[in-house]
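Here is the structure we will look at, set down as structure tokens.
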Amino acid sequence: MTTYQFPQFPKQFPKNRLLQKVKDSFVKRFLTDKASIRYLEEGFINATDIPFVRFIGIKEKEEVLSLDLKKNVCNHVETIHAAAQFTLAETESGMRLQSLFPELEQKVIPLVRDAQIKYKKPAAQKITAHSFVDDKAIEKFKIQFGKKGRALLQIRVEIRDIDDTLTSEAHITWFVQARLDEKA
């Protein structure tokens, strides 16, 4: 039986050099999309440039995200699929996060920590996303991030059709951490 020998790194191996090697390897193997590469290099991406968001057809007009009813986002009963509604809600919450803290752009890594969604009515026509954040939660986020360089923020998103019927409601919690190579 052959055993694998892990490479021995010096105890003080420079973190930035190691991270750069990992990033370069990851980009070469998996990322061919320009928007994803730009995010890794610059720390910024427009939500509607994310490959999956673009794939399902989420559009932004006058700072409102929408998704048309079309065959590729429908479920078996010809309404907008639950996953497409969730993607619209998650994308809206990410855009709201960016708009609340523009000073953190390119200085943090935001990741969804938790998401809950409740589907209320079938989405049988174009839908739009609308987000809301409690002012106290924003203040708590600022204090926590200032102390630790990381914090959580929950964003509520309503998905409504063009008749203003609530089709789903999501609560998405973002974990935001300062980038290792930056001081926020």
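Every read-out reported here was derived from the displayed coordinates using simple, explicitly stated rules and does not represent laboratory data. None of the values given here were measured: they were computed from a predicted structure. Here the Cβ is made from the backbone with ideal geometry for all residues, glycine too, and neighbour counts use every protein chain on show.
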Quick one: 3J(HN,Hα) in Hz for the range 173-179, Karplus 6.51/-1.76/1.60 with θ = phi - 60°, rounded, Gly and Pro as x.
9, 9, 9, 10, 10, 4, 5
If the only charges are +1 at each Lys and Arg Cβ and -1 at each Asp and Glu Cβ, what is the size of the charge dipole of the range 43-178 around the Cα centre, to the nearest 20 debye?
460 debye
Give me the net charge of ALA84's neighbourhood, meaning all other residues with Cβ under 14 Å from the Cβ of ALA84; Lys, Arg count +1, Asp, Glu -1.
0
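Starting from the Cα gyration tensor of the range 125-171, take the square roots of the eigenvalues, sort them a ≥ b ≥ c, and report rounded, prolate or oblate (rounded when a/c is under 1.5, otherwise prolate if a/b is larger than b/c, else oblate).
prolate
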One quarter of the C-alpha convex hull surface, i.e. the mean projected area of the range 43-178 in nm², amounts to 8.0 nm²
